[in-house]
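Undergrad: Input: one structure, supplied below.
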Amino acid sequence: MTDTRRRVKVYTLNEDRQWDDRGTGHVSSGYVERLKGMSLLVRAESDGSLLLESKINPNTAYQKQQDTLIVWSEAENYDLALSFQEKAGCDEIWEKICQVQGKDPSVDITQDLVDESEEERFDDMSSPGLELPSCELSRLEEIAELVASSLPSPLRREKLALALENEGYIKKLLELFHVCEDLENIEGLHHLYEIIKGIFLLNRTALFEVMFSEECIMDVIGCLEYDPALSQPRKHREFLTKTAKFKEVIPISDPELKQKIHQTYRVQYIQDMVLPTPSVFEENMLSTLHSFIFFNKVEIVGMLQEDEKFLTDLFAQLTDEATDEEKRQELVNFLKEFCAFSQTLQPQNRDAFFKTLSNMGILPALEVILGMDDTQVRSAATDIFSYLVEYNPSMVREFVMQEAQQNDDVSKKLTEQKITNKDILLINLIIEHMICDTDPELGGAVQLMGLLRTLVDPENMLATANKTEKTEFLGFFYKHCMHVLTAPLLANTTEDKPSKGALRFKRKIIGLKDEFYNRYIMKSFLFEPVVKAFLNNGSRYNLMNSAIIEMFEFIRVEDIKSLTAHVIENYWKALEDVDYVQTFKGLKLRFEQQRERQDNPKLDSMRSILRNHRYRRDARTLEDEEEMWFNTDEDDMEDGEAVVSPSDKTKNDDDIMDPISKFMERKKLKESEEKEVLLKTNLSGRQSPSFKLSLSSGTKTNLTSQSPATNLPGSPGSPGSPGSPGSPGSIPKNTSQTAAITTKGGLVGLVDYPDDDEDDDEDEDKEDALPLSKKAKFES
């Protein structure tokens, strides 16, 4: 049988002054060669791995707290704690520590917390103990001064704390408190306030255990009501005894658990409401108080978690239809607070906590509660559900999938009996509450939306050798939940026209460029209501008109081939007369280009060879390439040799030029058609973006093109790009002059600017200034 005396939890204090659980194991002490000394060793009970290896340093201050805790610091900002399951085990390890440091095991702290000055050390040697004044009304001022003077010095604080412990001094002070209240001795009460506040700052667990005991805690709170800085005393005791009521929603049979709950509530109240806001100096002196509350909460959660009868009764009453609304609200609020307490636990403990709640049926209980009409109860249930989703979304997914399977089995049986199954899935309840939130601020809807997003997020879904959560859950979601989620969107298109947010939603889906969604759009002909709305809108220039045109323009610019083909094949006749924008004619051109590539695969492969020349590049890159071109030695290139990539030189010239010549013929035919379109557009009074090409063929001519892709440098048919038709080496020798494209900085200007003509003149001057040999090579 495992020895539970040495069973411990290892804690470290994080930057937020909260204790982090590092694991559970068994502690031992022994000599470690690597550390050259006696050390504390903790090995994990799960796999035997080393959780802690800490040398017992002679000068480290170890503190023993609450009979089962040992706390110490290994560095300036690194605090450690061992929480023992049994007091006997804590005593054994404490004796080992005291033995190494040469201390009496009866002490609760082995060293002074900080170094003392030489004068203080001399005082310590000359006065081994601290003698407290007799506890009398006439000496309260003297006692208060002694406490205040001891706080700055760790050594004096230690002496004062030991004196207070050994003489039972705190209970004597609380007896004086009653005398002062009976006599209405305000001065004495002010002194007691300062004394009790100072005792808190001594930061000693042994003193806290006395002050927070059932017989003393209310008197301690009473002393802290008489702050000298206030004209009237506070009424904290009245609030705790009359206003704050402890309700046992489920009777607690364990008196120790009940007392621990009372104590924790009151100590938390002292920390939050009674004690004045501590200074930076005082904050560090209250660390033991924070630890006291933390470990109390851990203990409460553990004791409740182990009480199966309590949890069974809790969930039974939650789901019982006979439970009245007020009682159910109390039960839900208790469960919410219970889950909030669990947030102080570390991952291992929280995992066990939520597994316990899951085994007790928390998710079916929440499903019943969320189906009720009481908004306050539903709100608390939503908070509980958020704790579950945020900590373990996989557990929630597994439940809803099992629930759906059970519902499917029940539905099959009921269908045979011609009965309708009206059960609603938990996740569909969440969706419905999100959609139907009555709060104008949509606070609940936003919270539920975040939870739903977490549940459907593929990034936090598990994948194992036996199953893939992503596939299973998303398949379930599309089958059982998607129709509920999309119902409001589908309701907006009942009259064959998009309204409210439907068009924007569709644009978002198209923006994903996901063929899964594209196939669904095409299969369901979801462009039909959009096209109808566009045509019904007529010539009105409004938000809907712009939004629809922008959506089709996105399809054209991004070259989404499947949607382009679908739109042209099904809606071209309805859209071909729209000529005030070139979007739809551009889509038609894209469609025809796709057909050409399908009909002539060689042409498509040729385009891939030239593809890197068809897009705009950085001006600096083009200038570098031109410089390299101009610097090329004439002897390195034979007359009539085209500049192509090495891989292209292996291809047969006839195989390459044949599709190019055919493409050029079709290109010329398209250019003539585009000129006709341009003429129509100009006559209609609408303008389109234009750019200028300066041709150095005797006289300077400006051409305006409708399509930015026409005659770009590097595209087929552009007269100045190496390696393409019309480049040096492939031009017929009987041509007298070649039109060379001159662009600003190597880029075609996409917009007319007033100073373009001046730049063009400068470029022509630079070209004329080139050496004849270089100019001849460029223009051949």
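The values are calculated or read from the model by the stated rules, or taken from the named source; none is laboratory data. Model, not experiment: these values are computed from the prediction. Ideal geometry is used to build each Cβ from the backbone, glycine not excepted, and the neighbour counts take in all protein chains shown. Calculation scope for accessible area: heavy atoms of the full protein, side chains included, ligands and nucleic acids excluded. Shrake-Rupley method; radii C 1.70, N 1.55, O 1.52, S 1.80 Å.
Undergrad: So, of the residues in the range 525-554 that are outside any helix (DSSP H, G or I) and modelled with pLDDT of 90 or more, which turns out to be most open to solvent (accessible area, probe 1.4 Å)?
TA: Step by step, filter the range 525-554, then rank; the result is PHE525.
Undergrad: Something else: How many residues are out of contact with any Leu (no Cβ under 6 Å at 6 or more places or on another chain), under 21 Å from SER546 (Cβ atoms) and in contact (Cβ under 8 Å) with a residue 12 or more places away in the chain if we restrict to the range 568-587?
TA: So the count comes out to 12.
Undergrad: Separate question: Can you find, within the range 460-477, the residue that is nearest to the chain's Cα centre (by Cα) among those that are closer than 23 Å to THR382 by Cα and open to solvent by 40 Å² or more (accessible area, probe 1.4 Å)?
TA: So, considering only residues that are closer than 23 Å to THR382 by Cα and open to solvent by 40 Å² or more (accessible area, probe 1.4 Å), the one nearest to the chain's Cα centre (by Cα) is ASN460.
Undergrad: Filter the range 178-211 down to the residues that are at positive phi and more than 54 Å from the chain's Cα centre (by Cα) and list them by number.
TA: GLU184
Undergrad: OK, next. Look through PRO393, PRO347 and report the one residue that is farther than 24 Å from ILE261 by Cβ, open to solvent by 50 Å² or more (accessible area, probe 1.4 Å), under 23 Å from the mean Cα position of the chain (by Cα) and not assigned by the TED database to the domain that holds VAL249.
TA: Of the residues listed, the single one that is farther than 24 Å from ILE261 by Cβ, open to solvent by 50 Å² or more (accessible area, probe 1.4 Å), under 23 Å from the mean Cα position of the chain (by Cα) and not assigned by the TED database to the domain that holds VAL249 is PRO347.
Undergrad: Do any helices (runs of 4 or more DSSP H) lying entirely in the range 137-214 carry at least 1 residues that are open to solvent by less than 10 Å² (accessible area, probe 1.4 Å), among the aliphatic types (A, V, I, L, M) and closer than 15 Å to MET285 by Cα, and which ones are they?
TA: Helices (runs of 4 or more DSSP H) meeting the threshold: 140-150, 154-166, 186-200, 205-211.
Undergrad: Name the single residue, out of those in the range 237-271 being at pLDDT 85 or above, among the basic types (Lys, Arg) and touching a helix residue (DSSP H, G or I) at 6+ places or on another chain (Cβ under 8 Å), that is surrounded by the fewest Cβ atoms within 10 Å (Cβ to Cβ).
TA: Of everything passing the filter in the range 237-271, ARG237 is surrounded by the fewest Cβ atoms within 10 Å (Cβ to Cβ).
Undergrad: Within the range 14-21, can one find any residue that is more than 15 Å from SER287 (Cβ to Cβ) and open to solvent by 40 Å² or more (accessible area, probe 1.4 Å)?
TA: no
Undergrad: Tally time: how many residues in the range 291-343 are outside any helix (DSSP H, G or I), open to solvent by less than 50 Å² (accessible area, probe 1.4 Å) and under 27 Å from ASP374 (Cβ atoms)?
TA: Within the range 291-343, residues that are outside any helix (DSSP H, G or I), open to solvent by less than 50 Å² (accessible area, probe 1.4 Å) and under 27 Å from ASP374 (Cβ atoms) number 1.
Undergrad: When GLY23 is evaluated against the numbered criteria (1) assigned to a strand (DSSP E or B); (2) over 18 Å from PHE294 (Cβ atoms), which criterion, by number, is the only one it fails?
TA: All conditions are met except number (2).
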